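Remarks on the structure that follows.
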Amino acid sequence: MIYRSWALWMLGYPEAALADAERALKYARELGQAATLMLALCFTSLTYCLCGSYSAANTRLDENRALANEKGAALWKAFGMLSQGCVLVLTGKSSDAAHTITADLAEFRATESTFWTPLFLSYLAKAYAELRQLDDAWASIDEVITAVQATKETLCEAEVHRVAGEIALPERDVGKAEAYFERALIVARKQPRSPGSCAQR
């Protein structure tokens with residue numbers, strides 16, 4: 001249900017995507033397994049963000065944090081906090097986002113997980129760019145590209161290049177921006193038509 005909700009959003013069916021996200025959470029609650037529920041709470045938050053339901057995403061992530069604290073689940077706690085950092089970027093709270101993502105990346109890496117690290121780093125780059133800390137923004141983009149190459153996690157590779165293009169635009173480096181946008185399109189066209197294709201906007 002979670003993955004189908006992402007696919008439905010990308011196909012242009014936000015209402016159906018939200019319905020699947022709710023169904024996924026309902027099934028996870030019925031199973032009564034904390035690990036399954038934490039996964040569902042974190043992953044459906046992406047669906048809510050894609051649909052612009054940031055308050056709903058935060059509500060699920062707050063629930064995840066409480067459950068992760070109760071169960072001592074360091075990975076899901078850090079993953080949820082990083083996801084909340086992404087919501088902060090999307091709601092214009094870039095300073096809080098940069099602090100949150102930077103702090104929680106260290107905790108996440110302590111679990112030895114690399115899952116979705118490129119996505120989180122791309123949001124960190126956005127936060128830095130909005131704060132006009134462009135050296136930090138480019139450092140994050142470089143780190144994302146290195147992470148994608150190292151982990152082969154291409155979930156949001158196209159999105160990373162799109163973000164890099166947006167960072168280049170305010171610097172008035174149109175050629176650099178166009179090169180990143182073109183790279184984003186090339187990557188997106190090569191990816192299968194699935195939730196793995198994250199060139200969203």
Can you confirm whether residue 96 is touching a helix residue (DSSP H, G or I) at 6+ places or on another chain (Cβ under 9 Å) and more than 22 Å from residue 49 (Cβ to Cβ)?
no
Complete set of residues in the range 1-26 that are under 20 Å from residue 66 (Cβ atoms) and aromatic (Phe, Trp, Tyr)
none
Residues of the range 21-64 classified as buried (at least 18 other Cβ atoms within 10 Å of the Cβ), of a type in the set (Gly, Ala, Ser) and under 18 Å from the mean Cα position of the chain (by Cα), total
5
Does any residue of the range 106-124 turn out to be polar (S, T, N, Q), over 17 Å from the mean Cα position of the chain (by Cα) and either outside the structural domain of residue 160 (by TED's automatic domain parsing) or surrounded by fewer than 21 Cβ atoms within 10 Å (Cβ to Cβ) (or both)?
yes
Considering only the range 2-20, state which residues are out of contact with any Pro (no Cβ under 6 Å at 6 or more places or on another chain) and either of a type in the set (A, V, I, L, M) or under 11 Å from residue 44 (Cβ atoms) (or both).
2, 5, 8, 10, 11, 16, 17, 18, 19, 20
When residues of the range 1-48 are filtered for being polar (S, T, N, Q) and either closer than 19 Å to residue 86 by Cβ or touching a strand residue (DSSP E or B) at 6+ places or on another chain (Cβ under 7 Å) (or both), how many remain?
4
So which residues in the range 132-146 are surrounded by fewer than 21 Cβ atoms within 10 Å (Cβ to Cβ), under 20 Å from residue 97 (Cβ atoms) and not polar (S, T, N, Q)?
132, 134, 135, 136, 138, 139, 142, 143
Flag if residue 59 is within 23 Å of residue 157 (Cβ to Cβ) and polar (S, T, N, Q)
no
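The values are calculated or read from the model by the stated rules, or taken from the named source; none is laboratory data. All figures in this text were calculated on a predicted structure; none of them were measured in a lab. Cβ sites come from the backbone with ideal geometry, for glycine too, and all protein chains shown count toward neighbours.
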